[in-house]
Amino acid sequence: MSGDKNHLASNRSIIKKVKMNLNALLVKAINASIKGGHAIMEVYASDFSVEHKDDKSPLTLADKNCNEVIENHLKGTDIPFLSEEGAKIPFEERKGWEYSWLVDPLDGTKEFVKRNGEFTVNIALIHNGNPIMGVIYVPVKEELYFSLEGLGSYKINQNSVIEELEALIASSDILPISCSRDNYVVVGSRSHMSPETETFFEEKKKEHGNVEVMAVGSSLKLCMVAEGKADAYPRYAPTMEWDTGAGDAICRMAGFQVLQYNSDQAVEYNKENLLNPWFLVK
């Protein structure tokens, strides 16, 4: 009997250590996103005009500067780092990763160029193909969304780096935030409207009558569902893993599902092909 108790105590100790480490990693990811956001804002605040993302454009500069800041913040964790910048890492190397960071330093390039503020910094922690941590920072609004498996999902206005996760959580709103409304809200993309997406909208109109379509840029679409401002987000158009990993984690930890098109299977990560399947958030 004493052996069983010792074994149980040992397991609890291991779980506690892992949880403490994950909490520390979440703090690192949050601070990386905020500092990365500051790097983007230095470029965003300048007087620029750009139509394309060439090697010397302000858009490319903001993207690379933020990526560098995030990579520097996270490199001490000894966890592999995958972003659009490093998308050519062979699958033979990646498939052995138990944990990996998945980063989009500037999600919403069209929004950046249009100066509408709807771009984000996305950081996710992937464990065996599943997103278990998500951080999304909205630099213009100084809004921070964050989640961790076992802790839930949260939102707060934050402009400075943090030291204690517990204090941040205590000051944050837990997601979803309750809000009363009579209409069914579908969130979508301003620039990606496939025939299948339009069909989804029409089906929901038949089901619910009053359906509002909310057009939002970047990973904010996933945040709108997690926050409770929208009921569904159909993405029946191409995305990459780094576009969705952080938002996926935030939605999952808030109690929502991110499912592959016409399936009850969750979206998976660190696949050989980094292109996402079509999916529905609900």
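Nothing in this text is a laboratory measurement; each read-out follows from the coordinates by a stated rule. A quick note: this is a predicted structure, and the numbers were derived from the prediction, not measured. Note that each Cβ is placed from the backbone with ideal geometry, even for glycine, and that neighbours are counted across all protein chains shown.
A protection proxy built from the mean count of other Cβ atoms within 10 Å ranks the segments 236-244, 130-138, 269-277, most packed first, as 130-138, 236-244, 269-277. As a calculated quantity, the FRET efficiency between Glu272 and Asp182 at R0 = 35 Å, using C-beta atoms, amounts to about 0.20. In this simple spin-label approximation, Lys206 and Glu98 carry label points 7 Å from Cα along the Cα→Cβ vector, and these lie 4.9 nm apart. With r as the distance between the Cβ atoms of Glu42 and Glu163 and R0 = 22 Å, compute the FRET efficiency 1/(1 + (r/R0)^6) and round to 0.05. About 0.40, to the nearest 0.05. With a Förster radius of 22 Å applied to the C-beta separation of Ile174 and Glu142, the computed FRET efficiency comes to 0.70. Largest mean-square fluctuation among Phe119, Phe146, Phe81, in a Gaussian network model of the chain whose springs join Cα atoms under 10 Å apart, belongs to Phe81. All Cα-Cα separations within the range 184-281 were binned at 10 Å from zero, giving a P(r) of 17, 52, 28, 3, 0, each value a whole percent of the pairs. Neighbours of Asn159 by Cβ distance under 12 Å: Lys/Arg scored +1, Asp/Glu scored -1, total 0.
Pairs spanning more than 18 Å between alpha-carbon atoms, out of Lys28/Lys75; Lys110/Lys271; Lys110/Lys155; Lys141/Lys282; Lys110/Lys229; Lys155/Lys204: Lys110/Lys271; Lys110/Lys155; Lys141/Lys282; Lys110/Lys229; Lys155/Lys204.
On a per residue basis, the convex hull of the C-alpha atoms belonging to the chain measures out at 161 Å³. Shown in residue order for the range 64-81 are the 3J(HN,Hα) couplings computed by the Karplus curve 6.51 cos²θ - 1.76 cosθ + 1.60 at θ = phi - 60°: 5, 4, 5, 4, 5, 4, 5, 4, 5, 5, 9, 5, x, 7, 6, 10, x, 10 Hz (x for Gly and Pro). Reported to the nearest whole Å, the Cα centre-to-centre distance from the range 78-108 to the range 232-271 is 17. Ser171 sits among other residues whose Cβ lies under 11 Å from its own Cβ, and their net charge, with Lys and Arg +1 and Asp and Glu -1, is -2. About its Cα centre, how strong a charge dipole does the range 106-207 have in debye, to the nearest 20, once Lys and Arg get +1 and Asp and Glu get -1 at the Cβ? Dipole size: approximately 400 debye.
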